[in-house]
Amino acid sequence: MSNDNIILPSAASLSTLSIADNPKSGFGYNPSLGPLSNTITPESSNILLNRKTLSLTPTSGNSIYDKNVNNKKINEINLSSLSFLFCEAVNWTHRNSKGIQDLETRLNGLGYQVGQRFLELIKLREGVKSSKREIKIIDILRFIHGTFWKSIFGKTANELEKSQDASNEYMIIDNVPLVSKFISIPKDYGNLNCSAFMAGIIEGALDSSSFHANVTAHSAPIDGVPLRTVFLIKFDEQLVIRESLRFN
Amino acid sequence: MKLYSIYILNKAGGLIYQNNLDPSLNRLTANDYLVLAGTLHGVHAIAAKLTPTIVGKDSTSTTSGTDPTANNALLLSTGKVQNSNTNKTGLGSIETDLFNLYVFQSLTGIKFILITSPNPILQKQHEQASETFRHLYVLYSDYVMKDPFYSLDMPIKSQLFDLKVGELAALV
């Protein structure tokens, strides 16, 4: 019988076991002892209860969760991880949804919560003294387009425009929306845009700042920029009235 | 080196992507492309079984099965399943006067196949092919695997991927 085929016996005595022991010679069935080797004796239970364990979960003090939330330095995360997570989020939403419209609404809802929370975080990071509450529509939009966008997506949005037709409609345009950078919509999905998630983020942030609005994402590709997306922000009519009462 | 066309095969040998990058190529029927892909898959698998004759081989270097103990020891010490005399990579390239064909298989079993013009600089052709494969693999991981509307081992229909492959071909 070659050496490889021998079943390694358990350790002679349980007390000799240490954390450095290889599992093959650790607790196990000892053929020379028979079923007796599996019974729990005071000795073995003592070892089992008091043994040192090695945690396999990486909990280094450097992880993003361990850092102070009030940290000015930009914490970057991996785009691939984000993309895979978002990909699964879209898949999960897709499974639960009844149609394309429903899918967009659900993605918007997911983003809405992110927006609400992120606004809180960004205001905290700005500091109590230097931060102020925006009260004008144009100011809050500049904040979203600039500071907010930069801290959540790492760059400012490309354009900020006001609609010619309706006084309560504004547009933020991003040439490459971060979350849908790798997503291409199949033809049979019509004009679905996964950036509805980002629209939800904007909507959440605006609603939290008492600028009630509806935000939708629309693809508007131009030559060389296939992913160009327009976020159409439609404010409540009453907001426009409020604004005119306050500042005129 | 000029790219003629790109094929991507799934791990079962099914054609999941085909792009003729040179517009002057004659198009085959969809069925012919599938047959071609299946044949290449088969040839690749057969080539992986071919080993050059080992001169003066001794008992330790024989293939697995004859001596399990030695094989086990090798497996434990090196982590490699086969010994170094086995051709693990399968068909790597075919070079002719009219075209060159390169095959790259990823660890997950996806095969990328490039058909190119013959390269005038002989030393450089493999370098260039592997560079192209690297870029192609990156594009595949980015624009195919991160697309929530793509299901594994199914034909790739992503327009973004098409676009990026076109850009890659223009660069080569």
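Please treat every number below as a calculation from the coordinates, not as lab data. Everything quoted here is computed from the prediction, not taken from an experiment. Virtual Cβ from ideal backbone geometry, glycine too; neighbours counted across all protein chains shown.
Each peptide among A:194-200, B:131-137 gets the average number of other Cβ atoms lying within 10 Å of its residues, and from highest to lowest they stand as A:194-200, B:131-137. Distance between the pseudo-spin-label points of residue B:117 and residue A:169 (7 Å out from Cα toward the beta carbon): 5.1 nm.
With a simple spin-label model that places each label point 7 Å from the Cα along the Cα-to-Cβ direction, the separation between residue A:69 and residue B:35 comes to 6.5 nm.
What the phi angles of segment A:80-90 give under the Karplus curve with 6.51, -1.76 and 1.60, with θ = phi - 60°, is a coupling list of 5, 4, 4, 5, 5, 5, 5, 4, 5, 4, 5 Hz, glycine and proline written as x. Converting phi to 3J(HN,Hα) with the Karplus coefficients 6.51, -1.76 and 1.60 and the offset θ = phi - 60°, segment A:110-121 yields 4, x, 3, 5, 4, x, 4, 6, 5, 4, 4, 5 Hz in sequence order, with x at every glycine or proline. Extending 7 Å from the Cα toward the beta-carbon at both residue B:134 and residue A:248 defines two label points whose distance is 6.3 nm. Sorting A:151, B:158 by the number of Cβ atoms found within 10 Å of their own Cβ, with the fewest placed first, yields A:151, B:158. Each Lys or Arg adds one and each Asp or Glu takes one away; over the other residues whose Cβ falls under 10 Å from the Cβ of residue A:132, this sums to 0. Averaged over the residues of A:178-184, the number of partner chain Cβ atoms lying within 10 Å of the residue Cβ comes to 6.
Tally Lys and Arg at +1 and Asp and Glu at -1 over the other residues with C-beta under 13 Å from the C-beta of residue A:178: what net charge comes out?
Taking every other residue near residue A:178 into account, the sum is +2.
The phi torsions of segment A:218-233, fed into the Karplus equation with coefficients 6.51, -1.76 and 1.60 and a -60° offset, translate into couplings of 10, 6, 9, x, 10, 4, x, 10, x, 9, 3, 10, 9, 9, 8, 9 Hz, rounded to whole numbers, with Gly and Pro shown as x.
If R0 is 56 Å, the Cβ-Cβ spacing of residue A:95 and residue B:47 corresponds to a FRET efficiency of close to 0.85.
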